[in-house]
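Working notes, beginning with the structure itself.
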């Protein structure tokens with residue numbers, strides 16, 4: 001596979017492919033075109049010529065193959081999730097820079113298939129990146145089938161894996177504290193609860209800020225647009241005191257905004273909404289979504305970098321790397337107005 005062939009498959013020029021692959025921060029193409037190019041790279045196992053030459057020189061050290069491969073396991077979701085797709089992009093770019101390809105991408109649902117499990121056992125990869133928190137059964141499977149594993153996501157995990165995380169516990173406390181600074185007291189939580197660090201951050205922030213601890217303001221819902229939509233309709237139809245929603249991710253927040261509009265709750269005048277992630281879609285909601293920025297692509301880049309270091313040096317001592325988050329103030333949060341104030 002050559003750049004010319006990738007360009008033909010993607011329907012773009014060779015120079016566009018070159019800029020996207022070799023200069024990923026150049027913004028040489030739209031997101032749609034970038035996604036199409038990287039999908040072709042992933043499917044074909046393309047390695048740039050310079051990396052391929054370097055790999056051939058090291059052929060004896062890599063079991064007779066000219067291209068080394070990294071696998072990915074999506075432990076809780078699908079690759080189409082915008083949060084994890086951004087992390088995947090970081091992994092792919094960094095892997096390609098070092099002459100590796102990213103293939104054999106499996107979701108949690110895939111691994112339930114005996115045929116897929118057999119394929120994983122028979123396929124040799126240099127290492128695997130785990131996206132999202134794996135349960136105990138998944139961790140056992142990973143240890144049995146991969147020599148080198150690294151986890152990246154928002155939750156700490158109790159496992160002997162390298163980890164690259166962004167501290168969602170502190171990010172959640174920051175989101176709730178920001179709403180409290182704006183005068184909100186009745187702050188709802190929309191998201192998953194079981195083993196979820198974002199829920200724990202919400203609960204601890206509400207407690208430490210001496211805000212009302214009302215369990216009716218906690219809605220256990222899937223982290224999706226539909227989950228946020230249904231949770232918000234349920235909440236606002238029965239609880240009239242709520243003036244702010246803390247959503248455990250941006251997809252949930254986008255669904256919440258849609259539901260609130262449908263029942264005529266003005267955002268942000270009557271209801272403030274904040275999420276976590278800072279996915280691109282949040283900039284195109286009306287109003288634009290206030291959120292906590294998580295460095296998604298950097299999580300992927302660092303995970304790939306650390307995994308490749310493990311592969312090439314043989315280091316074994318587990319490491320944990322924590323990347324910073326930041327509050328992104330946009331239009332969906334405001335100081336609580338008198339019209340929205342309920343004591």
(request) Would you tally the residues in region 279-299 being within 11 Å of the chain's Cα centre (by Cα) and free of Cβ contacts under 8 Å to residues at least 24 places away in the same chain? (result) 0
(request) Scan 243, 252, 281, 313 and give me the residue that is in contact with a helix residue (DSSP H, G or I) (Cβ under 7 Å, 6 or more places away or on another chain) and modelled with pLDDT under 95. (result) 281
(request) Scan region 12-30 for residues that are part of a loop (DSSP other than H, G, I, E, B), out of contact with any helix residue (DSSP H, G or I) (no Cβ under 8 Å at 6 or more places or on another chain) and modelled with pLDDT of 75 or more and jot them down. (result) 30
(message) What's the number of the only condition in (1) under 22 Å from residue 333 (Cβ atoms); (2) in a helix (DSSP H, G or I) that residue 219 fails to meet?
(response) (2)
(request) Under 8 Å between Cβ atoms, at least 6 apart or on separate chains: pull out the pairs that start in region 114-125 with a residue that is in the same structural domain as residue 138 (by TED's automatic domain parsing) and end on any residue that is in a helix (DSSP H, G or I) and surrounded by 12 or more Cβ atoms within 10 Å (Cβ to Cβ). (result) 116/110; 117/111; 117/141; 120/111; 120/145; 121/145
(request) Identify, from the list 178, 189, the residue that is touching a strand residue (DSSP E or B) at 6+ places or on another chain (Cβ under 8 Å), under 22 Å from residue 324 (Cβ atoms), modelled with pLDDT of 95 or more and surrounded by 18 or more Cβ atoms within 10 Å (Cβ to Cβ). (result) 178
(request) Sort through 95, 79, 8 and tell me the only one that's touching a helix residue (DSSP H, G or I) at 6+ places or on another chain (Cβ under 8 Å) and either farther than 29 Å from residue 154 by Cβ or at pLDDT 85 or above (or both). (result) 95
(request) Considering (1) surrounded by fewer than 20 Cβ atoms within 10 Å (Cβ to Cβ); (2) under 21 Å from residue 38 (Cα atoms), say which one residue 125 fails and leave the rest. (result) (1)
(message) Every residue in region 222-241 that is assigned to a helix (DSSP H, G or I), in contact with a strand residue (DSSP E or B) (Cβ under 8 Å, 6 or more places away or on another chain) and farther than 21 Å from residue 266 by Cβ, please.
(response) 227
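The values are calculated or read from the model by the stated rules, or taken from the named source; none is laboratory data. Since this is a predicted model, take the numbers as computed values, not measurements. Note: ideal-geometry Cβ built from the backbone for every residue, glycine included; neighbour counts use all protein chains shown.
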